[in-house]
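Take a look at the structure set out below.
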Amino acid sequence: MNASTTSSPPADLVSIRRQIDTMLADFVAAKARAATATRLPVDLAEAVREFLSAGGKRIRPLLCVLGWLAAGGSPDIPESVLRAAGALEMFHAAVLIHDDIIDSSDTRRDRPTAHRALAVRHQTRSDADCFGEHAAILLGDLAFIWSGELLHTAGLTPRMLTAALSVLDAMRGDVQYGQYLDLLATGHPDADLDRALQIIRYKTVAYTCQRPLQLGAALADAAPEVHAALLAYASPLGEAFQLRDDLLGVFGDPAVSGKSSADDLRDGKHSALIAIAFARADAAQAAQLRALLGNPELDEKAAAHCRAIIAATGAATEIGRMIAGRRDLALAALDARPLPPSASNALRAMAIRITAIDTSSVTAAHPAEIRQPEGVKP
């Protein structure tokens with residue numbers, strides 16, 4: 001790490017997030033007022049507001065702004081860049097709303113998922129559950145439309161808009177293919193680690209890290225070497241982030257994660273964790289995993305048994321090593337190719353934060369098998 005990097009404070013991610021959240025809240029509030037004025041149901045705008053206000057890491061819009069700063073963009077973030085970054089978060093909301101329907105999830109960020117919340121809101125209907133799912137499909141579509149509107153009304157120059165659309169079109173395609181690959185594999189987990197990593201690369205790496213950074217850099221008309229540096233950082237970081245998410249999806253404490261730690265087991269998700277567990281399992285362990293994974297009626301006792309088998313294979317420990325190794329590659333990329341120190345230091349902090357595993361956030365099942373990546377603090 002060079003001296004200029006160590007001495008320069010990172011970009012203020014807390015302030016940037018606050019600006020993005022304020023902009024999104026104002027945008028949705030305006031949509032609610034417009035619905036009221038035209039006598040349209042306001043509950044869709046209200047549902048988007050509730051979803052966005054429930055939390056979330058805001059990784060994608062923050063990385064977009066950091067891409068802008070890494071390419072030499074002004075530290076006084078223009079409103080146009082904030083709106084482009086916010087468009088990523090609105091698109092993310094659309095993806096999550098639809099993903100929760102596909103997964104039949106009950107909770108997201110420690111609150112009812114959008115389709116469950118809409119069902120409760122209209123619980124006097126005889127078809128409340130079906131209505132909730134159908135309405136949430138429309139809600140996700142609406143969030144997707146609003147994502148496009150945020151971008152097109154951001155006040156970008158023609159050059160910036162053309163560059164942004166090129167990145168966003170690719171990102172939207174990436175995540176849909178990733179979702180479809182995930183859907184194909186769900187319910188049929190096996191020892192194929194390459195297939196699990198392919199899902200990660202399309203569903204998470206490009207969508208969560210690569211494209212947001214690329215978008216911000218493109219808005220600032222970044223030089224090719226900046227794009228190359230950000231790609232070298234984003235590719236391993238995106239994999240580490242999803243590996244961590246998959247680990248916590250099985251071993252995470254619901255009180256911390258805000259979602260059930262049995263859903264992925266009930267769905268039979270084909271993750272790297274499960275692929276490694278199958279590859280290392282003996283015949284008896286593999287037979288038990290095949291019998292348990294993908295059972296929609298899996299109770300907590302059976303889920304705990306699944307976790308015990310997975311931990312006994314050493315799969316959780318191996319995932320921890322993979323997370324640490326990929327995080328280190330991302331950090332090394334920042335050292336190898338100089339970027340503006342404030343952006344580089346913020347990217348470093350982001351990498352550490354989104355790959356750290358706080359042992360207090362995992363279940364008590366075989367805690368010795370789950371270790372925070374070496375050298376990382378939450």
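Being at pLDDT 95 or above and part of a helix (DSSP H, G or I) narrows it down to one of LEU161, LEU183, so name that one.
None of the others qualify; the one that does is LEU161.
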Of all residues in segment 102-132, which are surrounded by fewer than 20 Cβ atoms within 10 Å (Cβ to Cβ) and in contact with a His (Cβ under 6 Å, 6 or more places away or on another chain)? ALA128, PHE131
Pairs, first farther than 16 Å from SER53 by Cα in segment 21-41, second loosely packed, with under 13 Cβ neighbours inside 10 Å, C-beta under 7 Å, six or more apart: ALA35/PRO41
Looking at segment 47-99, which of its residues are surrounded by 23 or more Cβ atoms within 10 Å (Cβ to Cβ), touching a strand residue (DSSP E or B) at 6+ places or on another chain (Cβ under 9 Å) and among the aliphatic types (A, V, I, L, M)? ILE97
Is it true that some residue in segment 109-130 is in contact (Cβ under 8 Å) with a residue 60 or more places away in the chain, within 30 Å of ASP221 (Cα to Cα) and within 16 Å of the chain's Cα centre (by Cα)? no
Give me the residue from segment 244-258 that is over 14 Å from THR317 (Cα atoms) and among the hydrophobic types (A, V, I, L, M, F, W, C) and, out of that set, modelled with the highest pLDDT. ALA255
Selection over segment 282-334 where residues are part of a loop (DSSP other than H, G, I, E, B) and within 23 Å of ILE199 (Cβ to Cβ) yields a count of 7
Is one or more of the residues making up segment 264-281 in a helix (DSSP H, G or I), closer than 26 Å to THR355 by Cβ and under 17 Å from the mean Cα position of the chain (by Cα)? yes
Give me the residue from segment 5-41 that is surrounded by fewer than 12 Cβ atoms within 10 Å (Cβ to Cβ) and closer than 21 Å to ALA330 by Cβ and, out of that set, modelled with the highest pLDDT. PRO9
Scan of segment 325-341 for residues that are of a type in the set (Gly, Ala, Ser) and surrounded by fewer than 20 Cβ atoms within 10 Å (Cβ to Cβ), ordered by number: GLY325, ALA332, ALA336
Among helices (runs of 4 or more DSSP H) entirely within segment 1-114, at least 3 residues that are among the β-branched types (Val, Ile, Thr) occur in 13-37, 79-102
Any residue at all in segment 128-139 that is at pLDDT 95 or above and in contact with a Lys or Arg (Cβ under 8 Å, 6 or more places away or on another chain)? yes
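The values are calculated or read from the model by the stated rules, or taken from the named source; none is laboratory data. Everything numeric in this text was worked out from a predicted model, so none of it was measured. Using ideal geometry, Cβ is built from the backbone for each residue, glycine included, and neighbour counts are taken over all protein chains shown.
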